[in-house]
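S.K.: Below is a structure I'd like to ask you about.
Values in this text are rule-based calculations from the coordinates and carry no lab data. Everything numeric in this text was worked out from a predicted model, so none of it was measured. Here Cβ is always computed from backbone atoms with ideal geometry, including for glycine, and neighbour counts include all displayed protein chains.
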Amino acid sequence: MRSTIKNFDRRLGHWFETYGHIAHRLALGMLFVWFGLLKPFGYKTTTSLLAHTIYWGSPEIMVHVLGWWEFAIGICLLFRRLNRIALLLLLIRLPGTVLAFFLLPEVCFTNSILTPTPEGQYLIKDIVLFTAAMVIGGTIHRQRAARVFH
């Protein structure tokens, strides 16, 4: 019984290693496409907070720009050859996310930094998504090496 469980665990771990990064990349790409398209099509999201921290245009225009930017990130994540572009787009967008915590702390947090508002939770989620994308970026060279050696 113990060897059966060990064998199953080993096979399951191998399956996760083989397909986990691909599933992770595709799910993250679809999420960015989905959430990105909400903005230019007029669905209210908390991106307006981020649009208010970026001073390159009116918040109404910046929401559309950020939506299409997220859509582009998602498309680039869906196609492995474009993953480096996705990471660059994410890297450019990350400072705007972090900046909101400093410029609008009263909007991001309630009484303390330990209790974020829904807008603050959205920004924290963005940071988690960005770090998840970093994991994908860390596998680009490994995936290329695996194709060369297998």
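S.K.: What is the set of long-range amide H partners of PHE109 at a cut-off below 5 Å, with H atoms built 1.01 Å from backbone N?
M.R.: THR117
S.K.: Additional query: Can you tell which of LEU104, THR117, LEU37 lies farthest toward the positive end of the dipole of the chain, using +1 and -1 charges on the Cβ of basic and acidic side chains (Lys, Arg; Asp, Glu)?
M.R.: Of LEU104, THR117, LEU37, it is LEU37.
S.K.: Kindly put LYS44, LYS125, LYS39 in sequence by how many other C-beta atoms sit within 10 Å of each C-beta, fewest to most.
M.R.: Ascending number of Cβ neighbours within 10 Å: LYS44, LYS125, LYS39.
S.K.: At q = 0.10, 0.12, 0.13 Å⁻¹, what is the base-10 log of I(q)/I(0) for the chain according to the Debye formula with one equal point scatterer per Cα and no solvent? Please give it to two decimals.
M.R.: Scattering profile of the chain, log10 relative to I(0): -0.45, -0.60, -0.67.
S.K.: Mind checking which aspartates and glutamates have their C-alpha under 19 Å from LYS125, skipping anything on the same chain fewer than 8 residues away?
M.R.: Answer for LYS125, where 19 Å is the Cα cut-off: GLU70, GLU106, listed by chain and number.
S.K.: For TYR19 and PHE102, what is the calculated FRET efficiency with R₀ set at 30 Å and r taken between the beta-carbons, to the nearest 0.05?
M.R.: With R0 = 30 Å, the Cβ-Cβ based efficiency is 0.15.
S.K.: At 0.36 nm per residue, and after removing the present C-alpha to C-alpha distance, how many nm does the segment from LEU37 to LEU82 gain when stretched out fully?
M.R.: 14.3 nm
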